[in-house]
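One structure is given here, and the rest of the page talks about it.
Just so you know, all these numbers are worked out from the coordinates, no wet-lab data involved. Keep in mind it's a predicted model, so treat the numbers as computed, not measured. Please note: Cβ atoms are built from the backbone with ideal geometry, for glycine as well, and neighbour counts cover all protein chains shown.
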Amino acid sequence: MRQPSVYILASRPNGTLYIGVTSDLMKRVWEHRNDVVKGFTQRYGVHRLVHFEQFRSMFEAIEREKELKKWRRAWKIALIERSNPAWRDLWPEISQ
């Protein structure tokens, strides 16, 4: 699944959120889930992929990431719940 993407990870439904951008979604989410890189997601147990968007270019993905990071928390939660109301972990869908 090598394509520019913006993703949102959560610690649990309505829990701590993390927004990131990557050119390889499957690899990056695997790194978060396995605490390969020390930092925010490892410290707060933010491993559940709850939302992602894919783009044609990295520039578009980075612009969207910047936009989402400026949003209020309530807007981020509404975005997640529109496509994933149960806050399911989407990892199984992208890792197949």
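Looking only at the range 25-56, which residues are touching a Ser or Thr at 6+ places or on another chain (Cβ under 8 Å) and in a loop (DSSP other than H, G, I, E, B)?
Scanning the range 25-56 gives Asp35, Gly45, Val46, His47, Phe55.
Please list, ordered by first then second residue, the pairs with beta carbon atoms under 8 Å, 6 or more apart or interchain, first in the range 13-25 and without any contact (Cβ under 8 Å) to a residue 60 or more places away in the chain and more than 13 Å from Gly45 (Cα to Cα), second in a strand (DSSP E or B) and polar (S, T, N, Q).
Val21/Ser5; Thr22/Ser5; Ser23/Ser5
Taking the range 37-52, which residues are under 23 Å from Arg2 (Cβ atoms) and surrounded by fewer than 17 Cβ atoms within 10 Å (Cβ to Cβ)?
Matches in the range 37-52: Val37, Gly39.
Please work out if Leu68 is among the hydrophobic types (A, V, I, L, M, F, W, C), outside any helix (DSSP H, G or I) and in contact (Cβ under 8 Å) with a residue 40 or more places away in the chain.
no
Residue under question is Asp89, and the condition is that it be part of a loop (DSSP other than H, G, I, E, B) and exposed (fewer than 14 other Cβ atoms within 10 Å of the Cβ); does it hold?
On the way: part of a loop (DSSP other than H, G, I, E, B): yes; exposed (fewer than 14 other Cβ atoms within 10 Å of the Cβ): no.
Criteria not met by Asp89.
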